[in-house]
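What follows is one structure encoded as structure tokens, with my remarks underneath.
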Amino acid sequence: MSGAPAPKGAVQGRPAGGDGPLVVPRHVAIIMDGNGRWAKKRMLPRIAGHRKGIEAARTVTQAAGELGIEVLTLYAFSTENWRRPAEEVSDLMGLLRHFIQSDIDELAKNGVRLRIIGNYTALAPDLVALIDGALERTVRNSKMTLVIALNYGSQAELVSVMRDLANRAKGGSLDPETIDEAMVDGMLDTQGLPPPDLLIRTSGEQRLSNFMLWQLAYAEMLFVDTLWPDFGAQALANAVAEFGARERRFGGL
Ligand code: FPP
């Protein structure tokens, strides 16, 4: 046993206009849910909800930077989302393509580093090339990291690590006794990132949906009824305030 993992998701204290320190999570992860219902309520096609969802993602990314959040992870497309009708999958890919093309300049200018978790190389070759270009272009930025989960599934991510470890052990280059939490951490798509301190899921659903199962071990969870397209800067600020009011013990007393 390597012992209990250190509480890596430490929070930052920031002065907030004389009202005492505002505790800001280093890493916020969001399951953006409710685009379809937002559209349905307005008798609009689902794509209209996704379009609004992109706008919300843009607003929340900017607000996260202003709050001093270091890492923002957005669950944009899961390995299970391929089960949606082909037309919706294609609409989502089109929106993603458009988002990268239209927002990369602004992200780069604002010091945002883009990262992708998930097997994005299985997407259409032009999209992969676009993403690679955006990754390359922002690799030296350090003000904030925007992580987009694309074709991401936490179980697949973990299986890939397990397979890798098993192959190394089989080949004789790894002693299984030396496997520890830090080694696994370093083999995940999120390697080098702090674990999420706060997970937010919108739209009233209370599930993890195969999202960052390892990384969320000590995250605070916040489930809000707001549909993702209606989630904005104020909603993020409220979530951060709620996070600040929580007591985190990381298994201790
Ligand atoms: C959930 O709504 C949302 C998704 C499937 C992800 C799509 C996300 C966006 C378009 C925003 C993308 C942001 C970036 C940065 C690319 P849903 O369709 O599951 O809603 P429903 O549960 O109401 O049907």
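Quickly estimate the mean residue ellipticity at 222 nm for the chain, helices only: each DSSP H run with n ≥ 4 gives -39500 (n - 2.57), and the total goes over all residues, rounded to 500.
Rounded to the nearest 500, the figure is -13000 deg cm²/dmol.
Kindly write out, for segment 89-100 in residue order, the coupling ³J(HN,Hα) from the Karplus curve 6.51 cos²θ - 1.76 cosθ + 1.60 (θ = phi - 60°), rounded to whole Hz, with x marking Gly and Pro.
Karplus-based 3J(HN,Hα) across segment 89-100 equals 4, 5, 4, 5, 5, x, 5, 5, 4, 5, 4, 5 Hz.
So what does Val23 come to for accessible area, using a 1.4 Å probe and Å² rounded to 10?
The accessible area of Val23 comes to roughly 40 Å².
Step through the residues of segment 205-214 one at a time and calculate ³J(HN,Hα) from phi using the Karplus curve (6.51 cos²θ - 1.76 cosθ + 1.60, θ = phi - 60°), rounding each to whole Hz and writing x for Gly and Pro.
6, 10, 9, 9, 6, 6, 10, 6, 4, 6
Report, to the nearest whole %, how much of the accessible area of the chain belongs to carbon and sulfur atoms, 1.4 Å probe, protein only. Before the final figure, lay out the partial values.
On the way: 6830 of 13040 Å².
Ligands and nucleic acids excluded, carbon and sulfur give 52 percent.
Whose amide H sits under 5 Å from the amide H of Arg115, counting only residues 5 or more places off or on another chain, with H placed in the peptide plane?
Amide H to amide H, under 5 Å and 5 or more residues apart or across chains, Arg115 pairs with Leu146, Val147, Ile148.
Return the percentage of antiparallel bridges among DSSP beta bridges fully within the chain, rounded to the nearest 5 %.
Details: 4 of 30 bridges.
Here the share of antiparallel DSSP bridges comes out near 15 percent.
Using a 1.4 Å probe, what is the accessible area per residue for the chain, in Å²? The partial results should precede the final answer.
On the way: 13040 Å² over 253 residues.
Solvent-accessible surface per residue comes out at 52 Å².
Nothing charged except the Cβ atoms of Lys and Arg (+1) and of Asp and Glu (-1): what's the magnitude of the dipole of the chain about its Cα centre? Round to the nearest 20 debye. Spell out each step's value before the answer.
Details: 28 positive and 30 negative charges, 89 e Å.
Dipole size: approximately 420 debye.
Return the distance in nm (one decimal) between the two label points of a simple spin-label model at Glu181 and Gln101, each offset 7 Å from Cα along Cα→Cβ.
About 4.5 nm separates the two model spin labels.
How many nm separate the modelled label positions at Met93 and Tyr218, each set 7 Å beyond the Cα in the direction of the Cβ?
4.0 nm
Per 0.36 nm of contour for each residue apart, how much would the distance between Arg168 and Ala124 grow if the chain were fully extended, relative to their Cα-Cα spacing?
Working: separation 44, 0.36 × 44 = 15.84 nm, distance 3.12 nm.
Full-extension gain reported as 12.7 nm.
Report, by chain and number, residues whose modeled amide H sits under 5 Å from the one on Asn151, excluding near sequence neighbours (fewer than 5 apart, same chain).
Under 5 Å from the amide H of Asn151 lie the amide H atoms of Phe77, Ser78, each far enough along the sequence or on another chain.
How large is ³J(HN,Hα), in whole Hz, for each residue of segment 242-253 in order, when computed from phi with the Karplus curve 6.51 cos²θ - 1.76 cosθ + 1.60 and θ = phi - 60°, using x for Gly and Pro?
Ordered by residue, 3J(HN,Hα) equals 5, 4, x, 8, 7, 9, 9, 10, 6, x, x, 9 Hz.
Under a crude label model (7 Å from the Cα following the beta-carbon direction), how far is Asn110 from Glu80 in nanometres?
3.0 nm
Choose one of Phe99, Ala64, Tyr218: the residue whose Cα lies farthest towards the positive end of the charge dipole of the chain (beta-carbon charges +1 Lys, Arg; -1 Asp, Glu; about the Cα centre).
Working it through, the farthest residue towards the positive pole turns out to be Phe99.
Just to be sure I understand: if I project the alpha-carbon convex hull of segment 44-114 onto a plane and average over all orientations, what area do I get in nm²?
5.3 nm²
To one decimal place, what Kirkwood hydrodynamic radius in Å is obtained for the chain from all pairs of distinct Cα atoms? Spell out each step's value before the answer.
On the way: mean 1/r = 0.0519 Å⁻¹.
Hydrodynamic radius (Kirkwood, Cα only) of the chain equals 19.3 Å.
The values are calculated or read from the model by the stated rules, or taken from the named source; none is laboratory data. Note that the structure is predicted; figures quoted are calculated from it, not measured. Don't worry about glycine lacking a Cβ; one is built from the backbone with ideal geometry, like all the others, and counts go over all protein chains shown. In case anyone asks, the SASA skips ligands and DNA or RNA and just uses the protein heavy atoms, side chains included. Shrake-Rupley method; radii C 1.70, N 1.55, O 1.52, S 1.80 Å.
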